[in-house]
Structure formats: structure tokens, C-alpha cells
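Read through the structure below, which is laid out as C-alpha cells, and then see the notes.
Here, each number is a calculation from the coordinates, and none is a lab measurement. Keep in mind it's a predicted model, so treat the numbers as computed, not measured. Counting neighbours? That spans all protein chains shown, and the Cβs are built from the backbone with ideal geometry, glycine included.
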Amino acid sequence: AVYSSVCARCHAEDLSGGVGPALAGDDVPSIDLPESYFVHTVSRGNGRMPAFGGTLSEAQIQRVVDFILERQGR
């Protein structure tokens, strides 16, 4: 639910990308990045990606990261 309401507008509902990069699918560079990278990026932002550490709880951030990793097949 958090991914759909906060992340999907840039990364697409199916994680295929759009304004933001694709997070799952064939040949996605982020597939090899560690979980800590995603937690840090969602919390503090990275480049054009805004920080959500002030809006989402640590538990919500972890659920988003878990969702992304699961969709990546990890």
C-alpha cells in the first residue's frame, strides 16, 4: 500500500520505471544492490529521488524495501 501511494507515481505500479528508474524486471541495474542501499535511498534520497525519512516511518520504509526486493525475486 505504501509503494502504491508514494512510489508508484515515479517508479510505476509494476516497478517498470517512468520518471524514476525501473526497480524490477529484465536487466534492472538495481537488482544487485544491497538492501541497505534501498533503505538509505528511500530514507535520505538520491539525485532526483526525494527523501522520505521525514514522511515515512522506519517500518514503512522497510516494508517498501521488502516489497521491491520480493518483486526482484530476492
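What angle do you read, to the nearest 10 degrees and between 0 and 90, between the alpha-carbon axis of helix 58-71 and the longest principal axis of the chain? Taking the Cα atoms of the chain, the angle to 58-71 is about 0 degrees. Each residue of the stretch 25-42 was assigned a 3J(HN,Hα) from its phi angle through the Karplus curve 6.51 cos²θ - 1.76 cosθ + 1.60 (θ = phi - 60°); the sequence is x, 5, 6, 8, x, 6, 4, 9, 7, x, 3, 4, 4, 5, 4, 4, 5, 5 Hz, with glycine and proline shown as x. Across all Cα atoms of the chain, the radius of gyration (one decimal) and Dmax (whole number) stand at 11.1, 32 Å.
Proximity of backbone amide H atoms, modeled 1.01 Å from N, is registered between Gly17 and Ala12, Leu23 at under 5 Å, excluding neighbours fewer than 5 places apart on the same chain.
Give me the percent relative contact order of the chain, please, defined on Cα pairs under 8 angstrom at least 6 residues apart. It rounds to 25 percent for the chain. Label-to-label distance for Arg63 and Asp14 is 2.5 nm, based on points extended 7 Å past Cα in the beta-carbon direction. Among Val64, Val39, Val28, which one moves the most in a GNM of the chain with springs linking Cα atoms closer than 10 Å? Result for the chain, Cα springs under 10 Å: Val28 fluctuates most.
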